[in-house]
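Notes follow the structure.
Each reported figure results from applying straightforward, stated rules to the coordinates on display, with no laboratory input. Everything quoted here is computed from the prediction, not taken from an experiment. A quick note on method: Cβ atoms are made from the backbone with ideal geometry, for glycine too, and the neighbour counts reach across all protein chains shown.
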Amino acid sequence: MDMLDAIRNSTRDTVSYTGRAELSERVLDAMARVPRHEFVGADMQSRAYLNTALPITHGQTISQPFIVALMTDFIDPQPDHVVLEVGTGSGYQAAVLSPLVSHIYSVEIIPGLTETAGAVLERLGYENITLRTGDGYAGWPEHAPFDGIIVTAAAPHIPAPLVEQLKPGGKLIIPVESPRGAQELILVEKSENGSTKERSVLPVRFVPLTGER
Ligand code: SAM
């Protein structure tokens, strides 16, 4: 099955959790445009367009395309938006965001992954993505505030610095550990007056957020 059809099917199958029967066409177009095979190793080429997470180097993963599309859709990306990603990994999520927003700042804790992702993104001509190695728990205060924040590793709680670095009206989507080893994707929305509300979007499974905090 075509990867976009598989994403559409997963979207319909999870509507009772997410409340979204369809993702925006802009997001689906962006998914269709990114050559996912460039972001996985030689041993994963035959599986590159399956709707599944796949192993990359350093014991990490490239996320399931449906989850990438869903998280992208939930931050409601707009052409003038500046977005922070925590967990660059392969660089795939940043590449999906590239045509949808003005700039992406992406933080990765493993230097080797920042290097590999940077080389692929540069070779493919993505010009609005800035990478840095560091602990994304602290966000990227020099470029804050952000219209949207996507965290692609599971945190024990919602990091306060990320909520602080969200613009009024902005959206943060993050997998958070819940009791008994489960995880939930949580959407945090900051209102224009600065108050926040959270809601659980979907049970998920991500690699853990590491780092000192
Ligand atoms: N977004 C990635 C992609 O499109 O390939 C998938 C990322 S993978 C599921 C999660 C990534 O988060 C890993 O590369 C991991 O090293 C990174 N990570 C874990 N803890 C982190 C932290 N504290 N700060 C930044 N990155 C972190």
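For segment 194-201, the condition holds for no residue, the condition being that it is under 26 Å from Thr57 (Cβ atoms) and either under 16 Å from the mean Cα position of the chain (by Cα) or crowded, with 21+ Cβ neighbours inside 10 Å (or both).
Only a single item in (1) buried (at least 19 other Cβ atoms within 10 Å of the Cβ); (2) closer than 18 Å to Leu202 by Cα is not met by Val27, and it is number (2). Whether any residue in segment 142-157 is within 13 Å of the chain's Cα centre (by Cα) and either closer than 21 Å to Gly41 by Cβ or hydroxyl-bearing (Ser, Thr, Tyr) (or both) is what I want to check. Yes, segment 142-157 contains at least one residue that is within 13 Å of the chain's Cα centre (by Cα) and either closer than 21 Å to Gly41 by Cβ or hydroxyl-bearing (Ser, Thr, Tyr) (or both). Among the residues of segment 60-75 satisfying the criterion of being free of Cβ contacts under 8 Å to residues at least 60 places away in the same chain and within 14 Å of the ligand (Cβ to nearest atom), which is surrounded by the fewest Cβ atoms within 10 Å (Cβ to Cβ)? Across segment 60-75, the extreme among qualifying residues is Gln64. Out of Arg12, Arg47, Arg36, one residue alone is free of Cβ contacts under 8 Å to residues at least 60 places away in the same chain, buried (at least 17 other Cβ atoms within 10 Å of the Cβ) and more than 30 Å from Pro168 (Cα to Cα). It is Arg36. Each residue in segment 13-25 was checked for being closer than 17 Å to Leu185 by Cα and not in a loop (DSSP other than H, G, I, E, B), and 5 of them qualify. One residue stands out in segment 154-170 among those that are surrounded by 22 or more Cβ atoms within 10 Å (Cβ to Cβ) and within 10 Å of the ligand (Cβ to nearest atom): the one that is nearest to Glu189 (Cα to Cα), namely Pro159. Of everything in segment 104-138 that is under 14 Å from the mean Cα position of the chain (by Cα) and not hydrophobic (A, V, I, L, M, F, W, C), the residue that is farthest from the ligand (Cβ to nearest atom) is Tyr105.
When Asp13, Asp43, Asp73 are checked against the criterion of being over 21 Å from Gly125 (Cα atoms), acidic (Asp, Glu) and touching a helix residue (DSSP H, G or I) at 6+ places or on another chain (Cβ under 7 Å), Asp73 stands alone in meeting it. When residues in segment 76-94 are screened for being surrounded by 24 or more Cβ atoms within 10 Å (Cβ to Cβ), more than 8 Å from the ligand (Cβ to nearest atom) and closer than 19 Å to Asp29 by Cβ, 2 of them pass. In segment 105-157, the qualifying residues are those that are free of Cβ contacts under 8 Å to residues at least 24 places away in the same chain, in contact with a strand residue (DSSP E or B) (Cβ under 9 Å, 6 or more places away or on another chain) and not acidic (Asp, Glu), and the one that is nearest to Leu70 (Cα to Cα) is His157. The set of residues from segment 16-28 being without any contact (Cβ under 8 Å) to a residue 60 or more places away in the chain, within 30 Å of Glu122 (Cβ to Cβ) and not aliphatic (A, V, I, L, M) comprises Ser24, Glu25. So which residues in segment 83-97 are outside any helix (DSSP H, G or I), out of contact with any Ser or Thr (no Cβ under 6 Å at 6 or more places or on another chain) and touching a residue at least 60 places away in the same chain (Cβ under 8 Å), if there are any at all? Across segment 83-97, the qualifying residues are Val83, Leu84, Val86, Gly89.
Pairs linking a residue in segment 197-213 that is closer than 13 Å to Ile110 by Cβ and touching a residue at least 24 places away in the same chain (Cβ under 8 Å) to a residue that is assigned to a loop (DSSP other than H, G, I, E, B) and more than 15 Å from the ligand (Cβ to nearest atom), with Cβ atoms under 9 Å and 6 or more positions apart or on different chains, do not occur.
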